[in-house]
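The values are calculated or read from the model by the stated rules, or taken from the named source; none is laboratory data. Keep in mind that what you see is a predicted model, and the values were worked out from it rather than measured. Here the Cβ positions follow ideal geometry from the backbone for every residue, glycine too, while neighbour counts run over all protein chains shown. SASA here: full protein model, heavy atoms, side chains in, ligands and nucleic acids out. Shrake-Rupley method; radii C 1.70, N 1.55, O 1.52, S 1.80 Å.
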Amino acid sequence: MAACRRVQRLLLLMLICGWIGSAHGGKLDTENAADNAERGKNAAGEGKAAAPDGASSVRRSGGWKLAEEAACREDVSRICPKHSWNNNLAVLECLQDRKDETELAADCNHLLWNYKFNLTTDPKFESVAVEVCKTTISGIKECAAEERGKGYLVSCLVDHRTNISEYQCNQYITKMTSIVFSDYRLICGFMDKCKDDINKLHCGSVNTGEKDIHSQGEVIACLEKGLVSEAEEQPAITINEDCKKSIMRVAELSSDDFHLDRHLYFACREDRERLCENTPAGEGKVYKCLFNHKFEESMSDKVRLVCGERLIVMALPPTVLFSTCFGSCSAGQTVSGECQGEMLDYRRMLMEDYSLSPEIVLHCRGEIDTHCSGLHHKGRTLHCLMRVGLQTLIQETDPGADYRIDRALNEACESVIQTACKHIRNGDPMILSCLMEHLYTDKMVEDCEHRLLELQYFISRDWKLDPILYKKCQNDASRICHTHGWNETSEFMPPGAVFSCLYRHAYRTEMQGRRLSRDCKTEVQRILHQRALDVKLDPELQQRCMTDLGKWCSEKTEAGQELECLQDHLDELVTSCRDVVGNLTELESEDIQIEALLIRACEPVIQSYCHEVADNQIDTGDLMECLVANKHQKEMNEKCTVGVTHFQLIQMKDFRFSYKFKMACKEDVLKLCPNIKKKVDVVICLSTTVRNDTLQEGREQRVSMKCRKQLRVEELEMSEDIRLEPDLYESCWQDIKQHCQNVVFGNAQVIECLKEKKKQLTQHCHQKVFKLQETEMMDPELDFQLMRVCKQMIRRFCSETDAKNMLQCLKQNKNSELMDPKCKQMITKRQITQNTDYRLNPVLRKACKADIPKFCQGILNNAKDDNELEGQVISCLKLKYADQRLSPDCEGQISVILQESALDYRLDPQLQLQCNDEIPRLCAEEVAAQEQTGQVEECLKINLLKIRCMYKQFTHHIKIVANNCKIAQELE
């Protein structure tokens, strides 16, 4: 086969050389040669176009030789290697590709011009093409239909040279292409269409001799500059459409081979040999190599300028670079790897040099000068403009498909990719996703963070720019969001709205209908998790909340702070912003992993306590519930605690923000608590309903079982932090600042502080604290401090006790040797509180339900709501106990109180009240002992006669104490 091809090549060379000899030899008489020269004259314009006398009639035994012509003999021997002298085409190529500093004799120039012109215009040149390319011509309809004898056939074959498969034809057309493109006048129809524009733009002259004959590539380069200027809408620059098409055709054809672009070839030859020495010509490879070196310091300014101008022209019609992609765009046809490579290179060029996009130069000139001066290299201008706004170019280059297109991003993030994303194949779209997952982590670097967010800003505004999302969700978008194709645009469904539609359906249940496919839902969740890091990555949120962001959140610049700020000011936001923030918060309640920063901060506690629910693909609020339950574990760090608490506080603004609560109780809320929005109000409404139904014996519970279970979870969570009780928090805000300013929120510590400082509180706060204590005494499980401090003792002594009787159980085991001292102290505190008012002791209240109004009505008549009675009712019942007038149940409870108070004076609020000064003065040692064995009471009895307080009420109470002690001793 190789031998056969060598024979064919030899025959081809003989055929060409034989025709050349006949074209200039005996078969062509003097008149014919003159005719040919005249045609050259007409084509070139005024001036000498003909060869020197006798040039076309010289005969040699071996055929006519260009190297033997007197006009060129010296130049050929000086410039061209000897082995090429016998090949006219090789000599022609050698002379026209000479270096700039090498001059040709004028006569040789004219000879070369006429020789080339005769080759391209003589019908016999076309006849060789017909002979050599017979099969090719018959297979290309456009070429077969061309009129013969005008050179159009060869021009057509040049246009379709990439489709030529015949070896001889391909070799012949390749050789003739280098001739045709060496001078614009030899390109079929070019001069006729561009003559006026050449003169108008002063790009050269059609008169031979005004410029170097073989520098006509400069004429094309000049026209290309005019084309770029017109694209930039510079005044007085217009090129007629026919010439414009011819320029683009030349650019398209010459872009395939560096040697065919004469202007670029001569300007860049030295840099090409130095920087792209090993890059083969053809398929635009030299162009790409030169552009890749464009911003290097070693690249000369002249070459950089010429490269830039040439690539701008190539960028005007993207198909210039996509010669390998023609025919690859039909529906369902796989795009070849070569075509994908071409597209990748083209997109990378656009990303690296903004000047390749005339639309940017035209529309962004002011922004470039104002914001981005000095940032031209390596895509920095485009990243600068991204901060101003530049969606069109991002859509065209599609860097989401391959991050390597964006050179600025690639360089800024190289270290992150090598460490955090090294497991992902180079060029995979998941690299961008990996970078987003490591945003604001220790592995991220600042420059990469900026470049990444700038790019993601645009990707987030067109769902098609995320290739993975588009691939997985295209069918879902068509089915649910009514968008059908990659390039489909609609004023009713803009690109940004498609993703909004998808995420609204991502969390639907089967009962709600029309859900996303599993793969699509996974991708939507991935995007939501990543974009929640920055409000600018949520187009709908940023658009609707622009005013509120400026008004409330201008100083919130850290990651994630802007969304938290909007959530904090939810009630103050404009309606449109409040709706979108509310919807996003509602989604977060179902899938807290959208809060990526929170999840990262809570990683230790998740791994230790919540890894099972965290691994679930569908969250449904379980993970946040687990984090709240383990909020005070040792693995919990400050960032996680703050994040979890913040989310709890946001949930209080709307019951919809608590996903599990919403799903469990939404029907109950609609039926029992309509028109109530705030979560705390909904909880109070439902809790009150449950309590009332429980108190009314025999009444069926109106709140469903699943709602009651979740309601209990919400009540327990709210008891942990006073800020989760907005009404209490607002009522006691001033008291907190005055009395508990150094107490940390959480663990119910502020609430405990207010309880201890109750007598010093303002009236409004005092009333709220009293109501809270009343609720906690009825339901001790809501007493967070009690349950936390006595957690182990509850397991030991009260594991089978109902939650409502938990405190009662602890009181009964208070003096056990196994009782934890801290728990015992907490139980005593709650006992002291209970004894200040019978309403804080549910067991006593129930037992003495009939006795209290019967014997102590006068006290009740003078009582004020929400204010303690300071033990007056209990003291009243003690007196009746001495008279043995109480009912059996009430008597049993009073006897217990008498026993407890006989051992610990603090459990008798009236004694403390009346003896407030005397106890520390007369019984200081007993108080300091804190043995709670009745020593203080004994001290008071011994010193009864010494007490100089003459108040009848006081002495009367001491007698009661003495009597109680006697009774307590008898009971023992």
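Collect the residues in the range 681-707 that are touching a Leu at 6+ places or on another chain (Cβ under 9 Å), more than 15 Å from residue 655 (Cβ to Cβ) and outside any loop (DSSP other than H, G, I, E, B), keeping them in residue-number order.
690
Within the range 451-483, restricting attention to residues that are open to solvent by 30 Å² or more (accessible area, probe 1.4 Å) and more than 15 Å from the chain's Cα centre (by Cα), which residue is nearest to residue 505 (Cα to Cα)?
For the range 451-483, the residue satisfying everything is 479.
Report every pair of residues separated by at least 6 positions or lying on different chains whose Cβ atoms are under 6 Å apart, first residue within the range 396-415 and within 15 Å of residue 447 (Cα to Cα), second among the basic types (Lys, Arg) and modelled with pLDDT of 70 or more.
Correct list of pairs: 408/451; 409/451; 410/404; 412/451.
Residues 799, 816: which one is small (Gly, Ala, Ser) and open to solvent by 80 Å² or more (accessible area, probe 1.4 Å)?
Only one candidate passes the filter, namely 799.
Within the range 420-440, track down each residue that is of a type in the set (A, V, I, L, M, F, W, C) and either at pLDDT below 85 or open to solvent by less than 30 Å² (accessible area, probe 1.4 Å) (or both).
420, 421, 431, 432, 434, 435, 436, 439
Taking the range 838-880 as the search range and keeping residues that are hydrophobic (A, V, I, L, M, F, W, C) and outside any helix (DSSP H, G or I), which one is surrounded by the fewest Cβ atoms within 10 Å (Cβ to Cβ)?
Looking at residues that are hydrophobic (A, V, I, L, M, F, W, C) and outside any helix (DSSP H, G or I), I get 850.
Within the range 685-709, can you find the residues that are closer than 30 Å to residue 753 by Cβ and open to solvent by less than 90 Å² (accessible area, probe 1.4 Å)?
Result: 685, 686, 687, 688, 690.
Report, by residue number, each residue of the range 599-657 that is of a type in the set (Phe, Trp, Tyr) and open to solvent by less than 20 Å² (accessible area, probe 1.4 Å).
647, 657 - these are the residues of the range 599-657 that are of a type in the set (Phe, Trp, Tyr) and open to solvent by less than 20 Å² (accessible area, probe 1.4 Å).
Filter the range 775-788 down to the residues that are part of a helix (DSSP H, G or I) and either surrounded by 20 or more Cβ atoms within 10 Å (Cβ to Cβ) or without any contact (Cβ under 8 Å) to a residue 24 or more places away in the chain (or both) and list them by number.
775, 776, 777, 780, 782, 784, 786, 787 - these are the residues of the range 775-788 that are part of a helix (DSSP H, G or I) and either surrounded by 20 or more Cβ atoms within 10 Å (Cβ to Cβ) or without any contact (Cβ under 8 Å) to a residue 24 or more places away in the chain (or both).
Kindly establish whether residue 678 is open to solvent by 40 Å² or more (accessible area, probe 1.4 Å), in contact (Cβ under 8 Å) with a residue 40 or more places away in the chain and over 27 Å from residue 774 (Cα atoms).
Spelling it out, it is not the case that residue 678 is open to solvent by 40 Å² or more (accessible area, probe 1.4 Å), in contact (Cβ under 8 Å) with a residue 40 or more places away in the chain and over 27 Å from residue 774 (Cα atoms).
Quick one: which helices (runs of 4 or more DSSP H) sit completely within the range 139-255 and have at least 3 residues that are at pLDDT below 75 and open to solvent by 50 Å² or more (accessible area, probe 1.4 Å)?
Ranges flagged: 190-200.
I need the full set of residues from the range 441-467 which are within 23 Å of residue 500 (Cα to Cα) and modelled with pLDDT of 85 or more, in order please.
Correct list: 452 only.
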